[in-house]
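The values are calculated or read from the model by the stated rules, or taken from the named source; none is laboratory data. Predicted model only: the values in this text are computed from it and were never measured. All Cβ positions, glycine included, derive from the backbone under ideal geometry; neighbour counts span all protein chains shown.
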Amino acid sequence: MAHFSAKTLATLQRQLGLITSRQLTADGIGRSTRQRLVKDKVLEQQFRCVYRVAGQRPTFEQRLLALSLAHPTGFITGPTAGSYLGLRRMPRESKIHLCLPHPIRIDEPDGVLLRQSTRINRFDVRVLENGMRVASWPRLLFDLAADLTMTNLTSVIDQALKDGHCLPEELSLIGDRLCHPNRRGSELYARTLVERGDRKPVESHPELIVLNGLLARGVPVEPQDALRLSNGKNIRIDLAVPAVRWAVEVDVHPEHTRPSGIVNDKQRDRQLHLMDWQVERVTDDDLSDPPALFHELATLYHRRAASLAD
């Protein structure tokens with residue numbers, strides 16, 4: 001890479017081996033020099049204004065970044081951004097979701113699904129350290145309403161809230177700004193926010209399934225109830241009805257099947273029993289038959305409530 005200055009080399013390293021013609025020009029590498037570098041197989045032109053270090057094995061992440069660099073007014077969104085950023089419940093999607101301001105017209109690249117919008121402001125986009133432009137968390141969650149079921153949208157909203165990526169107020173504000181009868185996903189997004197209300201977010205999708213199943217059967221369960229055990233340890237119960245000291249722990253993480261995890265769960269249950277809490281544990285196998293599981297749990301809850309009322 002003797003052709004490039006330290007500044008350009010740093011840019012290439014940060015941008016996964018990609019660089020724009022503007023960045024090259026700023027470092028004194030003009031059009032004729034760029035053409036020579038392409039001819040000498042030092043660079044490869046990926047888009048009209050985006051170059052890649054020649055000989056690199058292209059990656060999906062690099063493809064996303066190249067699209068971001070090629071379209072600096074747009075951003076990666078939808079299931080593409082959701083999967084890249086680690087959101088759960090993302091649908092399998094072969095195309096890259098790219099949002100551009102309307103009425104910009106481009107020839108849609110192969111493998112790209114163009115999503116255009118008349119409502120894009122600076123709060124809708126964030127730039128990652130590598131230069132990739134992705135939807136801000138509130139904008140991404142709104143955009144995903146066009147691609148997900150209500151249960152899955154609720155699940156990813158809970159994940160984003162639990163991980164501290166955004167605040168409930170931000171989700172309401174973006175809904176107020178973007179929801180429109182003619183905008184895909186608007187009705188589902190608004191309905192999802194109303195139905196989940198201001199409850200605490202669950203930690204996992206299975207917890208959401210159990211929460212919804214119990215609420216549908218009249219069990220007033222709440223997620224993530226904080227409790228201080230008699231040994232002084234602070235814990236959070238997955239799902240609980242504090243009024244009758246009834247808890248449901250959803251043990252789907254592999255940690256619960258390890259010897260150390262089993263011992264920890266038993267110790268925790270004994271501590272809860274000392275405080276007169278009744279604990280029910282749900283496993284992956286239980287979730288293979290949700291109606292039977294929810295019926296059992298609801299029955300146990302009602303018996304617990306009746307015993308304390310006597």
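I'm checking my understanding of the structure. Among residues of the stretch 18-42 that are of a type in the set (A, V, I, L, M) and loosely packed, with under 15 Cβ neighbours inside 10 Å, which one is nearest to Phe4 (Cα to Cα)?
Only one residue fits best here, namely Ala26.
Being closer than 17 Å to Met150 by Cα and either among the basic types (Lys, Arg) or touching a Gly at 6+ places or on another chain (Cβ under 9 Å) (or both) is the filter here, so list the residues in the stretch 191-238 that pass it.
Across the stretch 191-238, the qualifying residues are Arg191, Leu193, Arg196, Arg199.
Are any of the residues in the stretch 61-79 polar (S, T, N, Q) and part of a strand (DSSP E or B)?
For the stretch 61-79, residues polar (S, T, N, Q) and part of a strand (DSSP E or B): absent.
Could you look through the stretch 1-42, keep only residues that are among the small types (Gly, Ala, Ser) and at positive phi, and pick out the one that is modelled with the highest pLDDT?
The selected residue is Gly17.
Please verify whether the stretch 43-52 includes one or more residues that are buried (at least 16 other Cβ atoms within 10 Å of the Cβ), under 30 Å from Glu203 (Cα atoms) and at pLDDT 95 or above.
Scanning the stretch 43-52, I find no residue that is buried (at least 16 other Cβ atoms within 10 Å of the Cβ), under 30 Å from Glu203 (Cα atoms) and at pLDDT 95 or above, so the answer is no.
Say we look at the stretch 197-210 and pick out the residues that are over 23 Å from Glu170 (Cβ atoms) and aliphatic (A, V, I, L, M); which of these is nearest to the chain's Cα centre (by Cα)?
Ile209
Which residues, taken from the stretch 45-95, are among the charged types (D, E, K, R) and either under 23 Å from the mean Cα position of the chain (by Cα) or under 20 Å from Leu24 (Cα atoms) (or both)?
Arg48, Arg52, Glu61, Arg63, Arg88, Arg89, Arg92, Glu93, Lys95
Name the single residue, out of those in the stretch 261-289 being within 30 Å of Asp310 (Cα to Cα), outside any helix (DSSP H, G or I) and of a type outside the set (S, T, N, Q), that is nearest to the chain's Cα centre (by Cα).
This residue is Val282.
Scanning for something over 21 Å from Met132 (Cα atoms) and not small (Gly, Ala, Ser), does the stretch 6-16 turn up at least one residue?
Checked the stretch 6-16: no residue is over 21 Å from Met132 (Cα atoms) and not small (Gly, Ala, Ser).
Being touching a Phe, Trp or Tyr at 6+ places or on another chain (Cβ under 7 Å) and closer than 28 Å to Glu222 by Cβ is the filter here; which residues of the stretch 154-178 pass it?
Hits for the stretch 154-178 are Ala160, His165, Cys166, Ile174, Gly175.
Look through Thr80, Thr25, Thr20 and report the one residue that is closer than 30 Å to Glu207 by Cα and β-branched (Val, Ile, Thr).
Thr80 is the lone residue from the list that is closer than 30 Å to Glu207 by Cα and β-branched (Val, Ile, Thr).
Testing Asp269 on (1) among the acidic types (Asp, Glu); (2) in contact (Cβ under 8 Å) with a residue 24 or more places away in the chain; (3) touching a strand residue (DSSP E or B) at 6+ places or on another chain (Cβ under 7 Å), one condition comes back false. Which one is that?
(2) is the only condition that Asp269 fails.
List the pairs whose first member sits in the stretch 107-121 and is loosely packed, with under 10 Cβ neighbours inside 10 Å, whose second member is assigned to a strand (DSSP E or B), and whose Cβ atoms are under 9 Å apart, counting only residues at least 6 apart or on separate chains?
Thr118/Pro101
Would you point out which residue out of Gly232, Gly218 is touching a residue at least 60 places away in the same chain (Cβ under 8 Å), loosely packed, with under 15 Cβ neighbours inside 10 Å and in the same structural domain as Met275 (by TED's automatic domain parsing)?
Gly218
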